[in-house]
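The values are calculated or read from the model by the stated rules, or taken from the named source; none is laboratory data. Note that the coordinates shown come from a computational prediction; the quantities given were computed from them, not determined experimentally. Quick reminder, even Gly has a Cβ in these numbers, built from the backbone with ideal geometry, and neighbours come from all protein chains shown.
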Amino acid sequence: MSVCFGDNDIYLDQPRAAQLEIGYVNQSINQWRSTMNLDDLRQVFRTALDLDDNFEVDQLGYRQIEQWDSVAHMVLIAEVEDQFDVMLDTDDVIDLSSFGQCVIILAKYGVTL
C-alpha cells in the first residue's frame, strides 16, 4: 500500500496502514469532541426536553420539570449519544439524573466540556 504525504510516497503494509487510518480517525474524533462545550450540552438538554432556548438547565434534575419523564429521559440519552459520539452503558443511562451528572458521565467517555 502506498500513502502519499506531500511529494513523498511511503509504502506501508496493510496492518500498519490500518493502524494509521484508525489513529487519524480517533484523532479527528477527539479534536471534534474538544470543540463541543457546555453550551452545546445545554442545547442538547433544551432540544431533548423541548424547552425554550433561554431555559436554565445547569441545575436541572430528573423529574424536576414535567417534561423530563422516563420517555424524555431516553430521548435525552439518544441526543447526548448522537451529539457527543458516545455510547453510554446502562449504569450511566440510569445515573444521568441531572445536567451536572451528565457532564461527569461524559468526562468518563473522554468528552471534556
Any hit, the range 29-44, residues being surrounded by 11 or more Cβ atoms within 10 Å (Cβ to Cβ), of a type in the set (Asp, Glu) and modelled with pLDDT of 60 or more: yes
Count of residues meeting criterion [touching a strand residue (DSSP E or B) at 6+ places or on another chain (Cβ under 9 Å), part of a loop (DSSP other than H, G, I, E, B) and under 17 Å from Asn37 (Cα atoms)] in the range 90-113: 0
Single residue of Met87, Met74 found to be surrounded by fewer than 17 Cβ atoms within 10 Å (Cβ to Cβ) and under 17 Å from Met36 (Cα atoms): Met87
Selection within the range 47-71 - over 13 Å from Ser98 (Cα atoms), surrounded by 12 or more Cβ atoms within 10 Å (Cβ to Cβ) and either among the β-branched types (Val, Ile, Thr) or more than 19 Å from the chain's Cα centre (by Cα) (or both): Thr47, Leu51, Phe55, Gln67
Selection within the range 60-76 - in a loop (DSSP other than H, G, I, E, B) and of a type outside the set (Lys, Arg): Leu60, Tyr62, Gln64, Ile65, Glu66, Gln67, Trp68, Asp69
Every pair of residues 6+ apart whose Cβ atoms lie under 9 Å, when the first sits in the range 29-46 and is among the β-branched types (Val, Ile, Thr) while the second is modelled with pLDDT of 55 or more and part of a helix (DSSP H, G or I): Val44/Leu76; Val44/Glu79; Val44/Val80; Val44/Asp82; Val44/Gln83; Val44/Phe84; Val44/Cys102
